[in-house]
Structures are given as C-alpha cells and as structure tokens.
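To start, the structure itself, in structure tokens.
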Amino acid sequence: MKRDPVAFLKEDMTELRGNNLEWVIRYLEGGSKPHCIVNGKEVLMLNTNNYLGLATHPKIIQAAIDATKKYGAGAGAVPVIAGSFDLTREFQEKFAKYKEVEASLLCQTGFAVNSGLIPMLVGKPDIVVSDELNHGSIIDGVRLSGAKRVIFKHRDISDLEKQLKEAEKGGARRICIITDGVFSMDGDMAPLDKIVGVAEDFGAMVFVDDCHGEGILGEGKGIVAHFNLQGKVHVEGGSMSKGFGVFGGTVAGSKDLIEFCTNKSRTYLLSTAHPPGIVAANIASIEVVENEPQHFKAVWEHTNYFKKEVQSMGYDTGRSETPIIPLIIGDPGKAQELARILFEEENIYGTPIVFPMVARELSRIRVQMNALLTKEDLNLALASIEKVGKKLDII
Ligand SMILES: *Cc1c(COP(=O)(O)O)cnc(C)c1O
C-alpha cells in the first residue's frame, strides 16, 4: 500500500485538538483598539502589544497614506540589490538618535533580527549564554548559529556568573549573553545593569532583545535607557510592531555593528525591504512617542491601577513589573475556562496561556494594558474578572 505523505497534517492537528492546544484565529473587523469588533461582536481587547495605542494614531496613519501615494505600495527587492528608500535612511538616523546609539538598521521583523543576526555574531567555536525564558526567535537564532548554548536560570546573576566561568574554561572564541529585555509571559524585566557588569568581567558580548520594553521602559526609550546603560550594550534588537504600533525589526548599536549586520544578516540580505508606507509610519511613530508623553503616562497609570485591583481580589500576578499582567491560575483547564467565559459571556478578550508556553502549574490568562483604555473600561473588565474568577473558584 502506498503511504499518504501528508497524513500527518490531520493527525497532528487531531492530537493538538485533543490536548486543547489548538489556536483558532479570531478576526477583527476594524482597527486594533480597546473596543473592537472580533468575530462579529464588540469586545474589550486586553491582548495586544500595541501598548501606547499607536496602531490607530491619526498622524501615523496619515504618514503611511502620504508615503504610499508618493512612493507606491512595495519596495521591489531587498535593499542591497535595489536600494533602500531615503525614508528608511531617515528612520534609521532618527531611531539611532532616539536610542542614543551611533547607528540603527530597520530589518524585516524582530524575529528576523534574531534569526538572521545571531548566527552571524556567533558560530561553532562560540558560546551563547541565554536566559531560560528567552523568546523563541532567540532560541531559533542560536540553533541556526551552531554555537554551544548554555542556559542560565531566569534572571539569576549568580547562575549566569557560574555559566560564564565554565564557558571561559572551555576556551570559547566569543561569549555572548542574550536576554529578553521584558519577558512577554510574565512581564518581568532582565536585570540588565547586573548582566552588563558581569559581562564586562568576562569580556562577553551583550545582546538584549527589547521588543516589549520599547515604548514602555525608560520614558519609552527601552530597557537600556531605563538602566542608563547607553553605549554599554553591544547589540540591541527590537520591534516597531509593539509599543510603537507599526511594523518592523530594529538593530541599534555601534556603526561597526550596523555595517556588519547590513552585510551579513541573512534575513536582511535575502528578504524584501519594508513598503515605504510602513517606513513612514515608523518615523511618525517615533515622533509621536517623543512629542506625546500622555500615551506613556496613561499606560502606566492603567497598569498600576489594574494590577493593584486584581491583586486585592486575590489574583496572583507573578513577577509582573510592566503593562503585561499575568493572572496566574495554575490549573490549565481553569485558565482556559476563564478566558472562554470572559470572551463569550463578558466580551473581554484576554489570552489563555498554558503548557507548552509556560509550565503546566503556571497556567494563566495574560492581559496587557493599553493607553487608549479608559477608567470605565478597566472597571468593567475588573468586575467581570472578579465575577468569573469567583464562579470558577479561582479567587
Ligand atoms: C515579539 C517579539 C519578537 C518578534 O518581533 P516581531 O517584530 O513581531 O517579529 C522577538 N523577540 C521578542 C522578545 C518578542 O517579544
């Protein structure tokens, strides 16, 4: 009998469904805002990385429209072949200034930065020392590099030091410490000041992926500014798709780093540049972040209020230090049930996060604050979260 070469597609999905781990995409009819229409009904969106609410900011939308009219819809090819836009140069200069570094590069996505650049920074003779909870794109980048990967316990500096001592003994050519700036499941921050201190002792390179810190920490400038470490972090990766509300990956650092990345990162070399409308929107987004501090203030006000309220109801918010707020429930079934009832009956959209994204006993729903939420929205959400949490015996 001939075998069915694609039978595994259905089999794997049946297994995922059986384990209650299938993602079913819901569709938004309109912009990503706190009040949005999802699968045909209005819900309160507590799920996006669009922390400052800039995805629908009128100035940013206008910039995308104007640039699209002037430059067209697409870039045509990769930058090294067909050239980049003057707009992209403007973005990169502006972003570097904003980050207080020598230079920056606009890459396809945050994922592409990690998968394209990490394998060029390190290779077989090298060691990467990586926080155990780093983002999957870092893990993939390190795998592609062929470097030896050593994991240090989450945010644990003494374990990091121990691993660095071992790495030094092994005679690695280069040692690179990689960490998320803000960890997306728990909303906690890397102890970057201490990491930089230890790295200096060992002559290690420091790579921080600040996708969730940008727009949120350091008055919006990110985790490096938060700890006043400008000039001390060798590679800063980021994303324009989260706090900045638009799209694209970024690398920020020395001129040497940016020239190296431009010439070596395979995702930069082999994937088409951003459409001009996106580039212009990214420029406008930096301007908005610089000129309109109210968005930054609002998201932090909401964060502090919401966190205090859910904690006083009895929810465990774990290590959260940012607008990412997990409600840690433990039982994966209850976490999924809480999210389901909130969506179906209370019109509140929060993400259930269960194994394998987090350890089974740390199952949770995760909510994220947004500058465009109102106090009234927050109070409605809090009332629902309290009601359903009690019904399910969570609090
Ligand atoms: C979101 C995220 C990415 C991916 O960024 P995109 O621009 O969405 O591809 C990479 N690293 C971390 C830590 C992230 O949170």
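The values are calculated or read from the model by the stated rules, or taken from the named source; none is laboratory data. Everything quoted here is computed from the prediction, not taken from an experiment. Heads up, the Cβs are rebuilt from the backbone with ideal geometry, glycines too, and the neighbour counts pull from every protein chain shown.
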Exactly one of ALA73, ALA67, ALA55 is in contact (Cβ under 8 Å) with a residue 12 or more places away in the chain and exposed (fewer than 12 other Cβ atoms within 10 Å of the Cβ), and that residue is ALA73
Answer with yes or no whether SER32 is small (Gly, Ala, Ser), within 16 Å of the ligand (Cβ to nearest atom) and either part of a loop (DSSP other than H, G, I, E, B) or modelled with pLDDT under 95 (or both). yes
Q: Return yes or no: is VAL208 within 10 Å of the ligand (Cβ to nearest atom), within 20 Å of ASP131 (Cβ to Cβ) and buried (at least 24 other Cβ atoms within 10 Å of the Cβ)?
A: yes
Of the listed residues (LEU160, LEU133), the one being within 16 Å of the ligand (Cβ to nearest atom) and either surrounded by 15 or more Cβ atoms within 10 Å (Cβ to Cβ) or assigned to a loop (DSSP other than H, G, I, E, B) (or both) is LEU133
Across the stretch 176-185, the tally of residues that are more than 9 Å from the ligand (Cβ to nearest atom) and crowded, with 24+ Cβ neighbours inside 10 Å stands at 4
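Every residue, every condition in (1) away from the ligand (no atom under 13 Å from the Cβ); (2) surrounded by fewer than 21 Cβ atoms within 10 Å (Cβ to Cβ); (3) assigned to a helix (DSSP H, G or I), yes or no:
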| site | (1), (2), (3) |
| --- | --- |
| ARG173 | yes, yes, no |
| GLY187 | no, no, no |
| ASP193 | yes, yes, yes |
| GLY197 | yes, yes, yes |
| GLU200 | yes, yes, yes |
| HIS212 | no, no, no |
Per the filter on the stretch 195-214, residues in contact with a Lys or Arg (Cβ under 9 Å, 6 or more places away or on another chain) and charged (D, E, K, R) are GLU200, GLU214
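Over 27 Å from SER271 (Cα atoms), away from the ligand (no atom under 16 Å from the Cβ) and part of a loop (DSSP other than H, G, I, E, B), is that true of GLN230?
Numbers: over 27 Å from SER271 (Cα atoms): yes; away from the ligand (no atom under 16 Å from the Cβ): yes; part of a loop (DSSP other than H, G, I, E, B): yes.
When the stated conditions are applied, GLN230 passes them.
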